[in-house]
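> To start, I am sharing the structure in question, which I have written as structure tokens.
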Ligand code: ATP
């Protein structure tokens, strides 16, 4: 068994709504895999099934060869989950938050593990500060550290940088890249296309419960190819996809307003495939 995560025809139905339709994935150990998709595409549903919080309606999912439905305890021992909402205890210190989580997971040598994590997340100077006094970026870092207390082999990051300013977002990207160097497998959902391009070895694009693309960001961009002519018309930005630079220049000359010519990026691929923008 070489893959860390394998799903086969995984599906979820809520009453008359099919939230996930036959997802088949293989994710090798050490990969950062990005799950992208517009709102309601089925990303959270997928993560909930993989983390044993929701039952699949059909199909299977295995983590390190343990079935999420039939062997949830073994699966839970292997994973760390960093949820979208910051559910830290705000009235406790950073250290106490990690300590309680570690005790729940019956971790031994917890003190040393917490110190190691606080150093890694650059929070050791704030170990005894209440979480309610932390900045948004510090809280997000602590949330990731908490998911790492039990030394998981797979880490789920659901929108890890949502709402952070670009500089703080970059600090978190560095942290995630350092984690990858340690060999952990990471499943990441994000609405920030730059984040997916920067961090992910491969991305899967979900739309209305179906996987519509799966590849490296570079390959997805290369497959679409071409250039984009961006114009600003009456305050609205418009995007025109053209085959090559020459066509882009001749199109640009026809425009009365200022234009930007650039190569296609992952966001263009996303829009082309889903008909929607990822970021609002
Ligand atoms: P977002 O980016 O908005 O978080 P998502 O890709 O994570 O979206 P999901 O939360 O997986 O999407 O939702 C997929 C579909 O399933 C949506 O249409 C959603 O309304 C529906 N859904 C999710 N959870 C439930 C539930 N508990 N009961 C009924 N329908 C649900």
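The values are calculated or read from the model by the stated rules, or taken from the named source; none is laboratory data. A quick note: this is a predicted structure, and the numbers were derived from the prediction, not measured. Cβ atoms come from the backbone with ideal geometry, glycine included; neighbour counts cover every protein chain shown.
> Restricting to region 69-90, count the residues that are outside any strand (DSSP E or B), touching a strand residue (DSSP E or B) at 6+ places or on another chain (Cβ under 6 Å) and within 16 Å of the ligand (Cβ to nearest atom). Can you show your working first?
Step one: list which residues in region 69-90 are outside any strand (DSSP E or B), which gives 69-78, 83-90.
Filter once more, so that each one left must be touching a strand residue (DSSP E or B) at 6+ places or on another chain (Cβ under 6 Å): 74-75, 78, 83-84.
The next check asks that each one be within 16 Å of the ligand (Cβ to nearest atom); those that pass are 83-84.
Residues in region 69-90 being outside any strand (DSSP E or B), touching a strand residue (DSSP E or B) at 6+ places or on another chain (Cβ under 6 Å) and within 16 Å of the ligand (Cβ to nearest atom): 2 in total.
> Shifting gears a bit: Going by the conditions given, is residue 65 assigned by TED's automatic domain parsing to the domain that holds residue 187, under 26 Å from residue 191 (Cβ atoms) and surrounded by fewer than 18 Cβ atoms within 10 Å (Cβ to Cβ)? Before the answer, list the steps.
Details: assigned by TED's automatic domain parsing to the domain that holds residue 187: yes; under 26 Å from residue 191 (Cβ atoms): no; surrounded by fewer than 18 Cβ atoms within 10 Å (Cβ to Cβ): yes.
So residue 65 does not fit the description; no.
> Of the residues 110, 98, 142, 148, only one is modelled with pLDDT of 95 or more, over 24 Å from the mean Cα position of the chain (by Cα) and assigned by TED's automatic domain parsing to the domain that holds residue 46; which? Quick ask: steps written out before the conclusion?
Details: 98 fails: over 24 Å from the mean Cα position of the chain (by Cα); 142 fails: over 24 Å from the mean Cα position of the chain (by Cα); 148 fails: over 24 Å from the mean Cα position of the chain (by Cα).
Only one candidate qualifies: 110.
> I'd like to verify a number: residues in region 36-53 that are more than 13 Å from the chain's Cα centre (by Cα) and either in a helix (DSSP H, G or I) or more than 8 Å from the ligand (Cβ to nearest atom) (or both), how many?
Matching residues across region 36-53 total 7.
> Kindly indicate whether residue 148 is crowded, with 17+ Cβ neighbours inside 10 Å, in contact (Cβ under 8 Å) with a residue 24 or more places away in the chain and farther than 21 Å from residue 48 by Cα.
No; evaluated as a whole, the condition is false for this residue.
> Suppose we filter 155, 164 for residues that are part of a loop (DSSP other than H, G, I, E, B) and closer than 22 Å to residue 33 by Cβ; which single one remains?
164
> Further question: Residues that are in a strand (DSSP E or B) and more than 26 Å from residue 36 (Cα to Cα): does region 238-259 have at least one?
Checked region 238-259: at least one residue is in a strand (DSSP E or B) and more than 26 Å from residue 36 (Cα to Cα).
> Now for a different question. Could you list, in sequence order, all residues of region 103-145 that are part of a helix (DSSP H, G or I) and either touching a residue at least 60 places away in the same chain (Cβ under 8 Å) or under 19 Å from residue 78 (Cα atoms) (or both)?
Answer for region 103-145, where residues must be part of a helix (DSSP H, G or I) and either touching a residue at least 60 places away in the same chain (Cβ under 8 Å) or under 19 Å from residue 78 (Cα atoms) (or both): 103, 104, 110, 113, 114, 117, 143, 144, 145.
> Please verify whether residue 188 is buried (at least 18 other Cβ atoms within 10 Å of the Cβ) and either touching a residue at least 12 places away in the same chain (Cβ under 8 Å) or in a helix (DSSP H, G or I) (or both), treating the condition exactly as stated.
Details: buried (at least 18 other Cβ atoms within 10 Å of the Cβ): yes; either touching a residue at least 12 places away in the same chain (Cβ under 8 Å) or in a helix (DSSP H, G or I) (or both): yes.
Criteria met by residue 188.
> Considering only residues that are over 15 Å from residue 27 (Cβ atoms), within 16 Å of the ligand (Cβ to nearest atom) and in contact with a strand residue (DSSP E or B) (Cβ under 9 Å, 6 or more places away or on another chain), which ones fall in region 177-195?
Passing the criteria: 190, 191, 193, 195.
> Related question: Which one of these is under 30 Å from residue 62 (Cα atoms) and surrounded by fewer than 19 Cβ atoms within 10 Å (Cβ to Cβ): 171, 167, 153? Outline the logic, then answer.
Details: 171 fails: under 30 Å from residue 62 (Cα atoms); 167 fails: under 30 Å from residue 62 (Cα atoms).
The match here is 153.
> Something else about it: Considering region 196-213 alone, what residues qualify as being in contact with a strand residue (DSSP E or B) (Cβ under 7 Å, 6 or more places away or on another chain), within 16 Å of the ligand (Cβ to nearest atom) and either over 21 Å from residue 154 (Cα atoms) or in a strand (DSSP E or B) (or both)?
203, 204, 205, 206, 209, 210, 211, 212, 213
> Which of the residues that make up region 235-247 are touching a strand residue (DSSP E or B) at 6+ places or on another chain (Cβ under 7 Å) and over 22 Å from residue 275 (Cβ atoms)? It would help to see each step written out before you state the result.
So in region 235-247, the residues touching a strand residue (DSSP E or B) at 6+ places or on another chain (Cβ under 7 Å) come out as 237-242, 244-245.
Hits for region 235-247 are 244, 245.
> Turning to a different aspect of this structure: Taking region 15-35 as the region of interest, how many residues are modelled with pLDDT of 95 or more and near the ligand (Cβ under 10 Å from one of its atoms)?
5
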